[in-house]
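The values are calculated or read from the model by the stated rules, or taken from the named source; none is laboratory data. None of these values were measured; they are calculated from a predicted model. A quick note on method: Cβ atoms are made from the backbone with ideal geometry, for glycine too, and the neighbour counts reach across all protein chains shown.
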Amino acid sequence: MKRNLVCIICPRGCSLLADITENGVTVTGNACPKGEEYAVNECTNPVRTVTATVRVSNRHNTMASVKTAMPVPKDKMMDVMKALRSTQIEAPVAVGDIVLKEICGSDIIVTKAVL
Ligand code: SF4
(Lines give C-alpha, C1' and ligand atoms only; values in the text may rest on other atoms or scores of the structure.)
Protein backbone atom coordinates (compact mmCIF):
# COMPACT_ATOMS: atom_id res chain seq x y z
CA MET A 1 0.00 0.00 0.00
CA LYS A 2 1.25 3.50 -0.82
CA ARG A 3 0.41 6.58 1.17
CA ASN A 4 1.01 10.25 0.39
CA LEU A 5 1.90 12.42 3.39
CA VAL A 6 3.05 15.97 4.02
CA CYS A 7 5.79 16.19 6.60
CA ILE A 8 4.74 18.53 9.43
CA ILE A 9 8.04 18.52 11.30
CA CYS A 10 9.30 21.80 9.79
CA PRO A 11 7.88 24.60 7.57
CA ARG A 12 9.42 23.14 4.39
CA GLY A 13 6.54 20.63 4.27
CA CYS A 14 8.11 17.94 2.11
CA SER A 15 5.71 15.71 0.15
CA LEU A 16 6.40 12.16 1.26
CA LEU A 17 5.48 8.85 -0.32
CA ALA A 18 5.34 5.93 2.10
CA ASP A 19 5.40 2.43 0.60
CA ILE A 20 4.01 0.08 3.23
CA THR A 21 4.76 -3.64 2.89
CA GLU A 22 5.02 -6.57 5.29
CA ASN A 23 8.76 -5.87 5.42
CA GLY A 24 8.29 -2.32 6.69
CA VAL A 25 7.82 1.22 5.46
CA THR A 26 9.99 2.77 2.74
CA VAL A 27 9.85 6.56 2.53
CA THR A 28 10.81 8.83 -0.37
CA GLY A 29 10.54 12.58 -0.84
CA ASN A 30 12.03 13.51 2.52
CA ALA A 31 14.80 16.11 2.53
CA CYS A 32 16.13 14.93 5.90
CA PRO A 33 15.95 11.88 8.20
CA LYS A 34 13.26 13.48 10.37
CA GLY A 35 10.81 13.14 7.48
CA GLU A 36 11.42 9.42 7.22
CA GLU A 37 10.93 9.01 10.97
CA TYR A 38 7.72 11.06 10.80
CA ALA A 39 6.30 9.00 7.92
CA VAL A 40 7.18 5.65 9.52
CA ASN A 41 5.56 6.72 12.81
CA GLU A 42 2.53 8.10 10.98
CA CYS A 43 2.04 4.76 9.20
CA THR A 44 2.71 2.52 12.20
CA ASN A 45 1.83 4.45 15.38
CA PRO A 46 0.45 7.95 14.73
CA VAL A 47 0.48 10.27 17.74
CA ARG A 48 -0.78 13.80 18.37
CA THR A 49 -0.48 16.50 21.00
CA VAL A 50 -4.01 17.33 22.16
CA THR A 51 -4.82 20.96 22.98
CA ALA A 52 -8.04 21.99 24.70
CA THR A 53 -9.53 24.15 27.44
CA VAL A 54 -10.96 23.28 30.86
CA ARG A 55 -13.38 25.23 33.00
CA VAL A 56 -12.00 27.32 35.89
CA SER A 57 -14.52 26.79 38.67
CA ASN A 58 -13.71 29.87 40.76
CA ARG A 59 -13.60 32.42 37.91
CA HIS A 60 -16.70 33.60 36.06
CA ASN A 61 -16.78 32.48 32.39
CA THR A 62 -13.11 31.52 32.41
CA MET A 63 -11.42 28.64 30.67
CA ALA A 64 -7.78 27.58 31.03
CA SER A 65 -5.85 26.36 28.02
CA VAL A 66 -4.23 22.96 28.43
CA LYS A 67 -2.42 20.33 26.39
CA THR A 68 -1.01 16.86 26.70
CA ALA A 69 2.56 17.02 27.98
CA MET A 70 3.49 14.36 25.43
CA PRO A 71 1.85 13.22 22.19
CA VAL A 72 -0.77 10.49 22.69
CA PRO A 73 -1.88 7.78 20.25
CA LYS A 74 -4.18 9.33 17.64
CA ASP A 75 -6.95 6.83 18.41
CA LYS A 76 -6.92 7.94 22.08
CA MET A 77 -7.55 11.64 21.36
CA MET A 78 -11.29 11.38 22.01
CA ASP A 79 -10.61 9.63 25.33
CA VAL A 80 -8.45 12.61 26.34
CA MET A 81 -11.18 15.06 25.31
CA LYS A 82 -13.79 13.07 27.23
CA ALA A 83 -11.65 13.25 30.39
CA LEU A 84 -11.15 17.00 29.94
CA ARG A 85 -14.86 17.68 29.40
CA SER A 86 -15.61 16.64 32.97
CA THR A 87 -12.57 18.40 34.46
CA GLN A 88 -12.61 21.68 36.36
CA ILE A 89 -9.65 23.42 37.95
CA GLU A 90 -9.28 26.23 40.46
CA ALA A 91 -7.28 29.38 39.83
CA PRO A 92 -4.58 30.42 40.30
CA VAL A 93 -2.73 28.08 37.95
CA ALA A 94 0.67 28.54 36.31
CA VAL A 95 2.08 27.31 33.02
CA GLY A 96 3.15 23.69 33.43
CA ASP A 97 0.81 22.88 36.34
CA ILE A 98 -0.56 19.36 36.00
CA VAL A 99 -4.33 19.26 35.56
CA LEU A 100 -4.70 15.48 35.17
CA LYS A 101 -2.12 12.73 35.57
CA GLU A 102 -1.56 9.86 33.15
CA ILE A 103 -4.42 10.23 30.71
CA CYS A 104 -3.76 7.86 27.79
CA GLY A 105 -0.04 7.91 28.63
CA SER A 106 0.43 11.63 29.22
CA ASP A 107 -0.18 14.23 31.90
CA ILE A 108 -2.36 17.20 30.98
CA ILE A 109 -0.66 20.54 31.70
CA VAL A 110 -1.68 24.19 31.74
CA THR A 111 -0.34 26.27 28.82
CA LYS A 112 -1.46 29.73 29.98
CA ALA A 113 -1.56 31.06 33.53
CA VAL A 114 -4.88 32.01 35.10
CA LEU A 115 -4.39 34.33 38.09
S1 SF4 B 1 11.54 15.95 5.65
FE2 SF4 B 1 12.93 17.22 6.87
S3 SF4 B 1 13.13 19.10 5.63
FE4 SF4 B 1 11.32 18.03 4.86
S5 SF4 B 1 9.59 18.94 6.03
FE6 SF4 B 1 10.26 17.08 7.12
S7 SF4 B 1 11.70 17.85 8.67
FE8 SF4 B 1 11.46 19.45 7.12
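Assorted remarks:
- Met78 assigned by TED's automatic domain parsing to the domain that holds Cys104, surrounded by fewer than 13 Cβ atoms within 10 Å (Cβ to Cβ) and among the hydrophobic types (A, V, I, L, M, F, W, C): yes
- Residue within region 39-51 that is touching a residue at least 60 places away in the same chain (Cβ under 8 Å) and of a type outside the set (Lys, Arg) present: yes
- Options Thr51, Thr28; residue that is modelled with pLDDT of 95 or more and within 15 Å of the chain's Cα centre (by Cα): Thr51
- Scanning region 4-18 for residues that are more than 7 Å from the ligand (Cβ to nearest atom) and out of contact with any Lys or Arg (no Cβ under 9 Å at 6 or more places or on another chain) turns up Asn4, Leu5, Val6, Ile8, Pro11, Ser15.
- Residue selected from region 19-39 under the condition in contact with a strand residue (DSSP E or B) (Cβ under 8 Å, 6 or more places away or on another chain) and within 12 Å of the ligand (Cβ to nearest atom), by the criterion nearest to Pro71 (Cα to Cα): Tyr38
- Residue check, Lys67 within 30 Å of Leu115 (Cα to Cα), in contact (Cβ under 8 Å) with a residue 12 or more places away in the chain and buried (at least 16 other Cβ atoms within 10 Å of the Cβ): yes
- Considering (1) away from the ligand (no atom under 16 Å from the Cβ); (2) touching an Asp or Glu at 6+ places or on another chain (Cβ under 7 Å); (3) not acidic (Asp, Glu), the lone condition that Thr62 does not fulfil carries the number (2).
- Inside region 31-48, residues that are assigned to a loop (DSSP other than H, G, I, E, B) and either charged (D, E, K, R) or at pLDDT 95 or above (or both) make up a count of 2.
- Val54 within 16 Å of the ligand (Cβ to nearest atom) and assigned to a strand (DSSP E or B): no
Residue by residue, here is whether (1) touching a Cys at 6+ places or on another chain (Cβ under 8 Å); (2) modelled with pLDDT of 95 or more holds:
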residue	(1), (2)
Asn61	no, no
Val72	yes, yes
Lys76	yes, yes
Val95	no, yes
Lys101	no, yes
